[in-house]
Structures are given as C-alpha cells and as structure tokens.
Amino acid sequence: MNDFCLRPDALKTEEKIAVARVLDSGNYVLGAEVGAFEDRWAGVCGTRMAVGVANGMDAIEISLRALDIGRGDEVVTTAMTAFATVLAIMRAGATPVLADINPTTGIMDVQSVRRCVTSRTKAIVLVHLYGHVRDMEHWLALSNEYSIPLVEDCAQSHLARFEGQSCGSFGVAGAFSFYPTKNLGAAGDAGAVVTSDDVIAKQARVLRDYGQDGKYHHVSSGLNSRLDELQAALLLARMDWVEEFTERRKDIGAHYQRSLSHPEVGLLAAPAAPENHVYHLFVVLCARRDELCRHLSARGIQSAVHYPLPLHKQPACGGIRCDPSGVPNAERHANYCLSIPCHPDLDDADVESVASAINGFV
Ligand SMILES: *Cc1c(COP(=O)(O)O)cnc(C)c1O
C-alpha cells in the first residue's frame, strides 16, 4: 500500500540537507522552519494563515476550540471517517453527532446532516474522504442557511480543488494531517490549521502552546501541540514534490476508473473534474470483500479497509448520537469497502497488474 523507501533519490538528498540544516541551527521547536512551512502551506491552500500543530487530530480539536466550541455544544460529522475526527470533537469537550454517507461517494450526505442539526449544533466537520472534494456549493449553502460554521477535515485531501479553489479554504478553518501515509507526509507526526480568520489563527497559536498568549502568560488550558523544526523542514523539502506526486495519484485513479470492470466490484463516483480528487485512497466496493482481499493477497497485492467499522460501532463511541433515520449507507460501506494500492511510486505496469488481478476475481 505504501513503501516510503521508494521515493526518488533526489528527494532523499534534499531531505538530508533539510535535516542537517535543522541540526546545525540549534532550534528545534516552533522556529524559522515552522514559520516558512506555515507561509508556504497557507499559500498552497489559498488561506491567509496556517498554524503548524503536532498532528491532524489536534488540528481538528484546535480548530473547534478556537471557535469556542466545547461542553454542551454539538458537532455533526460523518460516521465513515478516521476515529481521529470524532476523538478530536470529544477531546474539545463537545458532543459528536454522526451523519450518514452518500453511498455513491462515501462522503457525508447533506440531507442526513440536516436531520442531525439541532439548536445546539455549533459546527459541521466535513471530511473530504479518500481525497475527494465535491458539492461545496451545497455545503456552503447549508452552513449559511443554519449559520453553523464549516470546518474541513483535509487529512486526506492535500491539494484537492473545487472550481479552482483549494480545500481548507471553504470553511472557517481547515485541518490537515501530515502523518507519513498522507499525500504530504512528514517523517513522524505533524499537522496544520489553515484559516483566513485572524481570531481563529490567533487562538490556534495560543492553544497549540499551553494556552499562552505571551511567554509564561496562560489565558486558556491549551495543549502541547507544537510542530518540530525537523518535521517542518522535511515538509518543506517534500512540498517541492507533492504536486508531481498528486498528479501521479490522479493518473492512477483515472487508470483504475477506466480499467476496473468486474461485475461484482463497484466503483465510487468519479470526480466531476480531475482537480476534485487527489486519490489519497482508491476504494472499491465488493460484497465478497474479504475474499477479494485474499485473492489479491495470493497475487502479492496488498489491500486494506478504510474503515471496517462505522464510528458508532466503535467500542469507544458507545451511546453516540446518529442521524435519527440511522446510518445504513455507512454500515453497508464498512462491510464492502476495500482500498487497493494507489501511491505515486506505482508505475503503469503495477496499476495494470492490480486491475487485471481484480478483473480476474472468481
Ligand atoms: C489521518 C486522519 C486524521 C488524523 O490525523 P493524525 O495526524 O493521524 O492525527 C483525521 N481525519 C482523517 C480523515 C484522517 O485520515
């Protein structure tokens, strides 16, 4: 699914230079590298500011807390996402409410969110699942209609665009993860909040550093969620490559969309425009999912399940509220979904061999 050692030698050389630069600087946390990375990442996202934090989960928690969301407040998100999305809402002190997905995309369903909203709903966390950004006009209209801020979980959607605008810049804040497997990954944990709102950016800077607004002056019970110089320097080096890697992911996604043709293997909706989907994951749907996984494994092809349980079935989410009509599409998706290899180091022959292995499933 991922082999980090396959990245180009030229990039490995640039990474070593970046690491040496940090070691020689004697600055290890929240320094010049973090500042440079924040500026460049905000530029990529088309927001005025980016705030580097320790990981993607913290980026979501900090975005919510910067909006003053906490105890007694409800936050609607999807039943089909990484556990971190919901854990971030719980850690902010708010109550998560889970909406169902659109079965053709796997992404949260607008009508289901309407059923989840109450007078206590203080934010909607929209996850651009698998790297697919779509229907933004509907999400913005819903956010305006209810006056509920939209927070984007962009952990899977680096560089995805909708009508030319980058993900992370539609909502009041966008949360990114740079976990190693993400489309832009560090050599460890890292994350960022992007926003064009001065208050949110200022709050996020305070919250990531023990809630201090100046040295040893603490105005809130913040987190220790600072970004390391080493990770920021590595991210800066890798940013020079991420556009090329993303184009490769898009080509692989389009290749699979064209060549997968097994009657029992369903595809999710293709993006309306290539810029909408950066294929963090390529997911197929199959009623005999576990058999398909074994069939591929016997041919030396790895696959994985994102995610095997909708969040309300996680033991840690007992009693969590869902759409009052239930989340049947998320439940079905969890039983059918299989992620197949999709990363920039695959060549066309690799992609073709995965496709023909799937098409040969009996
Ligand atoms: C990876 C991921 C996160 C969490 O990011 P971390 O950096 O691992 O904390 C949150 N949401 C989604 C959708 C993710 O894929």
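Being touching a Lys or Arg at 6+ places or on another chain (Cβ under 7 Å) and either more than 10 Å from the ligand (Cβ to nearest atom) or small (G, A, S) (or both) holds for only one residue in V113, V75, V117, and it is V75. Within region 54-64, is even one residue within 16 Å of the ligand (Cβ to nearest atom) and not in a helix (DSSP H, G or I)? Yes, the conditions are met somewhere in region 54-64.
Taking (1) surrounded by 14 or more Cβ atoms within 10 Å (Cβ to Cβ); (2) within 23 Å of the chain's Cα centre (by Cα) in turn, P315 satisfies each apart from (1). Only one of the numbered conditions (1) touching a helix residue (DSSP H, G or I) at 6+ places or on another chain (Cβ under 8 Å); (2) in a loop (DSSP other than H, G, I, E, B) is violated by N2, and that is (1).
The set of residues from region 150-183 being touching a Ser or Thr at 6+ places or on another chain (Cβ under 7 Å) and either polar (S, T, N, Q) or surrounded by fewer than 20 Cβ atoms within 10 Å (Cβ to Cβ) (or both) comprises L150, S169, V172, N183. Could you say whether any residue in region 98-111 is within 17 Å of G168 (Cβ to Cβ) and either among the β-branched types (V, I, T) or buried (at least 21 other Cβ atoms within 10 Å of the Cβ) (or both)? Yes - at least one qualifying residue is present in region 98-111. In a residue-by-residue description of region 340-347, the property of being of a type in the set (A, V, I, L, M, F, W, C), in contact (Cβ under 8 Å) with a residue 24 or more places away in the chain and part of a loop (DSSP other than H, G, I, E, B) applies to at least one position. Total residues in region 5-29 satisfying the condition of being more than 23 Å from the chain's Cα centre (by Cα) and in a loop (DSSP other than H, G, I, E, B): the figure is 4. The number of residues in region 186-208 that are more than 15 Å from the ligand (Cβ to nearest atom), of a type in the set (A, V, I, L, M) and touching a residue at least 40 places away in the same chain (Cβ under 8 Å) comes to 5. Criterion applied to A304, A232, A237 was being in contact with a Gly (Cβ under 7 Å, 6 or more places away or on another chain), farther than 26 Å from V110 by Cα and either of a type in the set (A, V, I, L, M) or surrounded by fewer than 18 Cβ atoms within 10 Å (Cβ to Cβ) (or both), and the one residue passing it is A232. Selection of region 167-185 for residues being touching a residue at least 40 places away in the same chain (Cβ under 8 Å) and more than 9 Å from the ligand (Cβ to nearest atom) yields C167, G168, S169, G171, V172, A173, G174, P180, N183, L184, G185. Count of region 113-172 residues, restricted to those that are in a helix (DSSP H, G or I), in contact with a His (Cβ under 6 Å, 6 or more places away or on another chain) and within 21 Å of P96 (Cβ to Cβ), is 1.
Quick note: the coordinates plus some simple rules give every number you see, no bench work behind them. Values in this document were obtained by computation on a predicted structure and should not be read as measured data. When we count neighbours, we look across all protein chains shown, and the Cβ atoms used for this are built from the backbone with ideal geometry, even at glycine.
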